[in-house]
1. Return the pairs, sorted by first residue and then second, in which the second residue is in a strand (DSSP E or B) and among the aliphatic types (A, V, I, L, M), the first residue lies in region 30-50 and is free of Cβ contacts under 8 Å to residues at least 12 places away in the same chain and open to solvent by less than 100 Å² (accessible area, probe 1.4 Å), the beta carbons are less than 9 Å apart, and the residues are 6+ apart or on different chains.
2. Tally the residues that are part of a strand (DSSP E or B) and of a type in the set (Gly, Ala, Ser), restricting the search to region 1-48.
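The values are calculated or read from the model by the stated rules, or taken from the named source; none is laboratory data. The model shown is predicted, which means the values in this text are computed figures rather than measured ones. Note: ideal-geometry Cβ built from the backbone for every residue, glycine included; neighbour counts use all protein chains shown. To get the accessible areas, we keep the full protein, side chains included, count just its heavy atoms, and leave off ligands, DNA and RNA. Shrake-Rupley method; radii C 1.70, N 1.55, O 1.52, S 1.80 Å.
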Amino acid sequence: MRDLELNTSLSEWKLRPHLEDLKEASLIVEHPEGFQVAPKGKHFYQSNWG
């Protein structure tokens with residue numbers, strides 16, 4: 001989370017709702033060590049911008 005805060009210049013309380021939406025869409029996965037892009041998220045990125 002700290003890396004996301006530093007890279008986006010947003011606090012955790014502003015990032016968390018967006019991250020929860022991405023989790024519900026199965027685009028990211030939350031692990032104890034942090035957030036990671038899910039395979040579905042990688043496919044979504046590649047099909048739209050990759």
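1. That search, which allows pairs on different chains as well, returns GLN36/ILE28; GLN36/VAL29; VAL37/ILE28; VAL37/VAL29.
2. 1
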